[in-house]
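All of the numbers you see were taken from the coordinates with simple rules; none came from a lab. Predicted model only: the values in this text are computed from it and were never measured. Here the Cβ positions follow ideal geometry from the backbone for every residue, glycine too, while neighbour counts run over all protein chains shown.
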Amino acid sequence: MPTLFEPTTAGDLKLANRIVMAPLTRNRSPRAVPKPITATYYEQRATAGLLITEATAISHQGQGYADVPGLYSDEQLAGWKRVTDAVHKAGGKIVVQMWHVGRISHTTLQPNGGAPVAPSAIRANAKTYIINADGTGAMVDVSEPRALDIDELPGIVEDYRRAARAAIDAGFDGVELHSANGYLLDQFLRSGSNTRTDAYGGSIENRARLMVEVMDAITAEIGARRVGIRISPVTPANDASDDQPQPLFTYVVQKLAKYDLSYVHVIEGATGGPRNHQQGSAPFDYVALKTAYRAAGGKGAWMTNNGYDRELADQKVESGEADLVAFGRPFISNPDLVRRLKENAPWNEGDRSTYYGGGEHGYTDYPTLP
Ligand SMILES: Cc1cc2nc3c(=O)[nH]c(=O)nc-3n(C[C@H](O)[C@H](O)[C@H](O)COP(=O)(O)O)c2cc1C
């Protein structure tokens with residue numbers, strides 16, 4: 001019977017255990033450059049089988065929040081090189097989550113103060129975090145987006161390809177394509193945000209087209225066995241919605257099955273909320289989703305996330321429903337989460353007021369077990 005603590009693989013990645021640190025935005029990268037303290041933060045958590053970085057913008061246009069890192073300038077990449085070196089020195093593995101926010105942005109964060117881009121000009125009922133001219137931070141409504149012209153899509157695919165190459169050059173073990181939580185690729189997939197009438201809207205096949213083109217580009221660039229993807233079939237995060245998530249995401253995983261990916265990462269339910277959150281007429285069937293992926297020849301690891309504790313993680317891994325389990329909030333406040341899981345030790349409580357933004361406090365100063 002598989003257990004959480006045994007070594008395993010995810011495509012080309014050899015992992016010390018099945019415990020993954022989920023991607024966690026921390027807004028501690030002024031000018032989108034990871035600072036030395038970010039290397040300390042990830043290094044402290046390097047006993048996880050795999051670290052997934054906070055979402056990282058592939059381009060300036062892909063930016064949607066103040067002080068989140070990027071993957072598109074030399075300075076940003078040098079900052080990440082410090083992180084990957086520190087994690088590798090500590091014996092860990094790390095992939096970067098590649099992010100384009102689409103409509104979840106604000107004009108003040110966009111090139112030349114322009115409108116954020118989206119599949120369709122539908123403003124999300126969502127907020128983002130900006131820094132005002134006087135240096136104070138504020139949560140504000142996202143801006144009205146403009147619909148992407150079909151001629152602009154190859155440029156976005158190219159931004160993903162370039163970012164994947166840059167990630168490998170910066171020492172990452174691989175990349176995770178962020179196709180979850182109501183950001184650009186999820187906005188294309190889900191009907192509530194995509195009302196296009198061209199080849200990228202309407203049918204499921206059309207709505208999945210951009211994600212498939214991005215996958216084609218990045219797997220050709222760096223090899224599929226170090227590429228993973230994150231999806232969130234029913235989350236309402238960032239105003240994301242679809243009436244028929246089961247057929248949509250069944251199609252998505254069947255398309256993904258042809259690549260020989262490192263892993264598929266599925267958020268079960270509402271991200272950070274109820275695991276049984278429902279969109280559409282029936283509860284989402286995650287076992288059927290995994291079965292569809294394997295039946296279509298899908299390889300690599302199946303990673304699950306959302307609201308896991310030791311008991312649920314054991315159960316999912318032992319039953320084979322999950323090959324890897326990603327923990328988010330528990331890793332913020334427990335750098336030694338792997339040890340705490342192993343020893344069934346209690347977890348430090350996280351301080352939500354320091355999740356986003358700030359310095360060392362609530363970032364690198366959580367205590368480990370003696
Ligand atoms: C502070 C914070 C930041 C997050 N940032 C990201 C992110 O950058 N990318 C992403 O895909 N999910 C992000 N999430 C969602 C988490 O990865 C995870 O899905 C969620 O916290 C549920 O897992 P958990 O119950 O183990 O915390 C974030 C969650 C929190 C609490």
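Kindly state, to the nearest 0.05, the FRET efficiency for residue 342 paired with residue 296, given R0 = 25 Å and r defined as their beta-carbon distance. The partial results should precede the final answer.
Numbers: r = 35 Å, r/R0 = 1.40.
Efficiency at R0 = 25 Å is approximately 0.10.
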Taking 0.36 nm per residue of separation between residue 88 and residue 149 and subtracting their Cα-Cα distance, the length gained on full extension comes to 17.8 nm
Roughly how many nanometres apart are two label points built 7 Å out from the Cα toward the Cβ at residue 133 and residue 278?
-> 5.0
Over its alpha-carbon atoms, the chain yields an Rg and a Dmax in Å of 19.1, 60
With r defined as the distance between the Cβ atoms of residue 126 and residue 312 and R0 fixed at 30 Å, what FRET efficiency is calculated, to the nearest 0.05?
-> 0.55
With each run of n ≥ 4 DSSP H residues scored as -39500 (n - 2.57), what mean residue ellipticity at 222 nm is computed for the chain after dividing by its residue count and rounding to the nearest 500 deg cm²/dmol?
-> -8500 deg cm²/dmol
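Give the shape of region 298-370 as rounded, prolate or oblate, defined through the alpha-carbon gyration tensor: a ≥ b ≥ c are the square roots of its eigenvalues, a/c under 1.5 means rounded, and otherwise the shape is prolate if a/b is larger than b/c and oblate if not. Please list the in-between numbers first.
Details: a/c = 2.74, a/b = 1.74, b/c = 1.58.
Note, shape of region 298-370 comes out prolate.
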Under 17 Å from residue 316, Cα to Cα: aspartates and glutamates that are on another chain or at least 8 residues apart | 6, 268, 285
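Which whole-number percent gives the relative contact order of region 8-354, counting Cα pairs below 8 Å spaced six or more residues apart? Please list the in-between numbers first.
Working: 791 pairs, mean separation 55.7, N = 347.
Contact order relative to length: 16 percent.
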If you wrap a convex hull around the Cα atoms of region 119-185, how much volume per residue is inside, in Å³?
-> 144
May I ask which residue of 251, 293, 184 lies farthest towards the positive end of the charge dipole of region 176-310, with charges of +1 (Lys, Arg) and -1 (Asp, Glu) on Cβ and the Cα centre as origin?
-> 293
In the structure shown, of 35/93; 93/342; 127/258; 93/258, the pairs separated by more than 28 angstrom at the C-alpha atoms are 127/258
